[in-house]
1. Sorting E247, E100 on the 10 Å Cβ count, fewest up front, what's the list?
2. State, in angstrom, two size descriptors of the stretch 60-140 derived from its alpha carbons: Rg to one decimal place and Dmax to the nearest whole number.
3. For the stretch 226-327, with only Lys/Arg (+1) and Asp/Glu (-1) charged at the beta-carbon, what is the dipole magnitude about the Cα centre, in debye rounded to 20?
4. From the gyration tensor of the Cα coordinates in the stretch 138-210, what semi-axes in whole Å does the equivalent ellipsoid have, largest first, with each one equal to sqrt(5λ)?
5. Output wanted: per-residue J couplings in Hz (rounded whole) for the stretch 320-326, from phi through Karplus 6.51 cos²θ - 1.76 cosθ + 1.60, θ = phi - 60°, x for Gly and Pro.
6. Can you sort I158, I310, I84 from fewest to most other Cβ atoms within 10 Å of each residue's own Cβ?
7. Which order results if M201, M348, M291 are arranged by neighbouring Cβ count within 10 Å, fewest first?
8. Step by step: find N for the stretch 190-297, compute 2.2 N^0.38 Å, then divide the Cα radius of gyration by it. What's the final number?
Amino acid sequence: MFEVDQVVVQRVQTVRLAPKAEQLITQSRTDSVRFVPPTVAPPLRTLAAQNLESAVVVSDIDVRLLRVFRAVVEAGGFANAQAILNVGASTISSQMSQLETRLGYVVCHRGRGGFRLTDKGEALYRLVIEFFESVHNFEMQAGELRGGMNGQLRIGFIDNIVSDPNSPFRPAVERFRRQPRNHARLLLEVLSPQELERGLMDHRLDVAIGIFYSRLPGLSYEPLYLQRDVLVCHRDHPLAQITDEAELATALPSAHKVLRSFLGTQEFPFAGPGGQVTVASISHIEAAALMILTGDCIGFLPLHYAKTWIDTEELVVLLPHQLYRDTHFSVATRADQVRPPPALHTLMSCLRAAKVQDVSTAQVHPFISSMAA
């Protein structure tokens, strides 16, 4: 106890304090502080030095190296991380070596066999995620003390939703940006539905907007709006030449199809056994449009996205009154956020205020067709 008092007093004596603080310390010394002979202090210093030798003390440089480590892991290797970090592979390799030297153990294997984390590297990655999430929470909560909205709000969403007139996302962001005392920084990422959910679970995202057919435990989903999807093909596709609806319905199951991976078998429920001919499985609408425009495939596209090609007759809608889908879009957050940061709370309020549909009572038609019966 005396040794601790000795160290505290010595530390206080080296700090320049404000006048009121100096007065308080002086009074405290007079009233209660007991000094001990200097010969008692060295053992404590020796013990502290020994503990520091075995501890990992994080510096600003280490934080930068941890960011590099995280980027490499999430990119799947050094080569893929170059574009994210905007540095060459040799620089990344050097930084990873520095990190391993600081830690005292190997975090990954790299070479001809590809990139792979060691067991300690796996454990470190989980700690890194927790560390940066704590930093993120600190920024948000420290910003709250100033009032208004501060920190960084990380938003993920699937591609090509801005042009949908039913989507409240764009007007919600506009409303959010106009909020008073808004100093929050927005980080926007376009990801697949699987990546969005994984980003929320890994604490890399605060909120996500997309199509979520699998409801993951630990996440909260709120209906946002409906998107109309139509089945289309290129004008040069053989199906575009069929005018008889019954004949067209018979030919559809065996046609080459583009499948959105996050919808699985729900994409083409009318295809019977052996009739699901999938040419490409995609996670983004842009990729689906590319395959359909090649002229060899049929697939579902959002009506608002495909409208330009439909109006110019480059794409043909197949059985528009029988085959269409109203797809649910939802906004997802982590369920454990009992008290969300002000920026997230405000964005959610803006999304609700910008809704143009009452999706709680909307009738959803995955397919309206005699073929689905």
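1. E247, E100
2. When restricted to Cα atoms, the stretch 60-140 yields Rg and Dmax of 12.4, 42 Å.
3. Here the stretch 226-327 has a charge dipole of around 300 debye.
4. Each semi-axis is the square root of five times an eigenvalue, giving 23, 18, 7 Å.
5. The phi angles translate into x, 8, 10, 10, 7, 9, 9 Hz.
6. Listed from fewest to most nearby Cβ atoms, that is I84, I310, I158.
7. M201, M348, M291
8. That works out to 1.28 for the stretch 190-297.
The numbers here are math on the coordinates, done by the rules we state, and not lab data. Everything quoted here is computed from the prediction, not taken from an experiment. Neighbour counts run over all protein chains shown; Cβ positions are idealised from the backbone, glycine included.
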